[in-house]
Structure formats: C-alpha cells, structure tokens
Amino acid sequence: MESMKNYDVQFELSYEGNDSDGHEIDMYDVSQALIGFQRSLAITTHLILNGKVIVQAPSLKGAKIYTFPSEEGSWKVKAGILVLGTAAYHVSTAPNNTPLGHLVYSAYDYVISQSLGFHVDYDKSLGQLYEEAEESKIELPKVRETQLDSVIEKCSTAITEIHRPIYKNKTAKTAKIYTNINNQDVPLNPTLSMDTFQYIIEEFTNDEVIEIRGFVSSYSSNTFKGRIYVPAQERSIPFVLAEPIRGESVIRDMVESLKANALRNYDEKPYEVFCKAQKITTKTGHLKSYKILAVSSVGFN
C-alpha cells in the first residue's frame, strides 16, 4: 500500500478470490460494502476525536475521509483520514507514524475484531498506547473500553455490509483491512470471509439457563443491550435484558456495575452482578451473547 499525502491515518480494504482476482467485482455489492467501510471508520474516528458515539456517519466532526482509485492485483480501495483544525494531534512529521494513527488503528481493530468474534485485550492494545504516550509526554484522546463497546453496536450493520461481495454475488472470497504504520502495511486481526459473515448474522438461543457473574462494561438504556466482562470467559460479552426484567431494580444493578467499572482507576469498589442467562451462539456453538433472564447483586440460592 503506497503512502498517501499528509493523511493522519490511512486504511486499505482489499478483496481476494473469484472475480476480484481479475480486477472485477459486483458494482452494487461493493458500493454497499464501501458505505459500510466509511461508516465504521467515521463512527470510530468521531469517538476518538470528540469523545462521543454518533449514529450517522455524516455526523463525523473534526475529520474528513477520502478514497482513491483501485489498484491492479486483487480488488482494493484506499481510505485516508485527514484530521482537521483543533482536533489534530500532530506529534510527528510523518503522518502515518503519529500516535494518533496508532490509536485510530488500534481502536478500529478492536471494533472489527470484537464484532467478528476475535478477542482483543483492551489493556494490551489501547492501554499500552496510552502508557507509552504518557511516558513520552504526548497527549492523546482518551477512549474508554465502554465507549468502544458502544461503537461495536452501532457498526454491526456496517461491518455486515463490508462482507457483501463475499456473501451476495460472491465476486470475492475474502477481504482484509490494512493500515500503514511506520511505512509498513499492518493488517487488522480478522480476515473477512463467509465464516465471519455467518458469525455476525447467525444467532441461536439455547434452552438451558446458566448462571454467570461479571462486571458490566457498557449498557444502553434505549436498547437494554450492553456488554459484561465475565472472568470465566476472560472477555466482555454482549447481552440483552429479557423483556420481563426491564424494571428499575435490575437496571439500577446494571448501571451501578457499569459506573464502578468505568471508574475503576479512581479507587471505585468493583460491583459484580450475578445473572441467570441463556447463551446465544452461532450455528457451530460459538458464544456470541447472553439473554439475561434475572439479575442479582448478591447471587442466587
């Protein structure tokens, strides 16, 4: 991936296999895929620059996202993100080497990977970036794990659409997303394929009711959805509250756990919640989320 002029961070979406190897791809499929690509980049970038999660990509403030023609070889398209005015955090003369570029890459990798079932440890990715920036006395926008979890929810449809050339008219078999860091192409963790498409769209609710315990890392009062960090799984997992329990006491427990988790760096005591839940899995049994049927702050007898 060749460098593009003066962009703070650049990405490349590349399709391979089937017609795409001959530089051809279904036009409608790829047009929808590019809308998804732009939307997911815009929502992630807006959070980093403005500290808020937007719903519509045109609401992006503080940056512009540009695209460039495809190159020969596998079918690919480039996206360059240009940070504007006071939103810019320029700390290097080479834009694609800036800490901001690393931050956008790490955040976007977190969003795409977690959406497709690839676990990313926040503390080892973004957390490490913040530690290095602090040691170098560089100011970076602070992005919390709970905010990235909210971005994941907003980007689900967009990430599904990036798969469109793979699942619809099948003019491609796989796709990869790269960024350019230190003049090297660095791929995001997942390779997009029919397997990742099936992961993001398939949902099977198990009949068995299990008990889980953990800490709420994100929650939306509008959708009754969120994410809960489950120590036994060593990762945060999406959940939805079943309709019969969407009352004041349950929501208070979830919000109190979220508050304690968000303030864990300020000596806030952990607030663990205990839940009765059903697993929501893919067809192959991969855990995607929980449907929570009951919540307690003290456990169940």
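The values are calculated or read from the model by the stated rules, or taken from the named source; none is laboratory data. As the structure is a computational prediction, the values presented were derived from the model and not from experiment. FYI the Cβ positions are ideal-geometry reconstructions off the backbone, even for glycines, and counts take in every protein chain you see. Only protein heavy atoms, including side chains, enter the accessible area calculation; ligands, DNA and RNA are left aside. Shrake-Rupley method; radii C 1.70, N 1.55, O 1.52, S 1.80 Å.
For region 1-11, what are the residues that are open to solvent by less than 30 Å² (accessible area, probe 1.4 Å) and touching a helix residue (DSSP H, G or I) at 6+ places or on another chain (Cβ under 8 Å)? Correct list: TYR7, ASP8, VAL9, GLN10, PHE11.
Going by the conditions given, is THR196 open to solvent by less than 20 Å² (accessible area, probe 1.4 Å) and closer than 25 Å to THR281 by Cα? Judged against the criteria, THR196 is a match. Can you name every residue in region 241-250 that is open to solvent by less than 60 Å² (accessible area, probe 1.4 Å) and either farther than 21 Å from GLN114 by Cβ or modelled with pLDDT under 95 (or both)? Answer for region 241-250, where residues must be open to solvent by less than 60 Å² (accessible area, probe 1.4 Å) and either farther than 21 Å from GLN114 by Cβ or modelled with pLDDT under 95 (or both): ALA242, ILE245, GLY247, VAL250. For region 12-59, a tally of residues being open to solvent by less than 60 Å² (accessible area, probe 1.4 Å), not polar (S, T, N, Q) and not in a helix (DSSP H, G or I) returns 9.
Of the residues making up region 199-227, those that are among the charged types (D, E, K, R) and open to solvent by 20 Å² or more (accessible area, probe 1.4 Å) are GLU202, GLU203, ASP207, GLU208, GLU211, ARG213, LYS225.
Taking each residue of region 167-194 that is assigned to a loop (DSSP other than H, G, I, E, B) and looking for partners that are surrounded by fewer than 16 Cβ atoms within 10 Å (Cβ to Cβ) and not β-branched (Val, Ile, Thr) with beta-carbon atoms closer than 7 Å, six or more apart or interchain, yields THR171/GLU24; ASN182/ASN97; ASN183/SER3.
Which residue pairs have Cβ atoms closer than 7 Å, lie 6 or more positions apart in sequence or on different chains, and pair a first residue in region 18-43 that is free of Cβ contacts under 8 Å to residues at least 24 places away in the same chain with a second residue that is assigned to a helix (DSSP H, G or I) and not hydroxyl-bearing (Ser, Thr, Tyr)? Qualifying pairs under 7 Å: ALA42/ALA57.
Conditions (1) outside the structural domain of PHE118 (by the TED database); (2) closer than 22 Å to GLU202 by Cα; (3) part of a strand (DSSP E or B); (4) touching a residue at least 40 places away in the same chain (Cβ under 8 Å), marked per residue:
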{"position": "PHE215", "(1), (2), (3), (4)": "yes, no, yes, yes"}
{"position": "ASN222", "(1), (2), (3), (4)": "yes, no, no, no"}
{"position": "ILE228", "(1), (2), (3), (4)": "yes, yes, yes, yes"}
{"position": "VAL250", "(1), (2), (3), (4)": "yes, no, no, yes"}
{"position": "VAL255", "(1), (2), (3), (4)": "yes, no, no, no"}
{"position": "TYR271", "(1), (2), (3), (4)": "yes, no, no, yes"}
{"position": "LYS279", "(1), (2), (3), (4)": "yes, yes, yes, yes"}
{"position": "GLY285", "(1), (2), (3), (4)": "yes, yes, no, no"}
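Under the condition of being under 25 Å from the mean Cα position of the chain (by Cα), of a type outside the set (Val, Ile, Thr) and open to solvent by 60 Å² or more (accessible area, probe 1.4 Å), the residues counted in region 272-301 number 4.
Restricting GLU139, GLU131, GLU153, GLU161 to those that are without any contact (Cβ under 8 Å) to a residue 60 or more places away in the chain and in a helix (DSSP H, G or I) reduces the list to GLU131.
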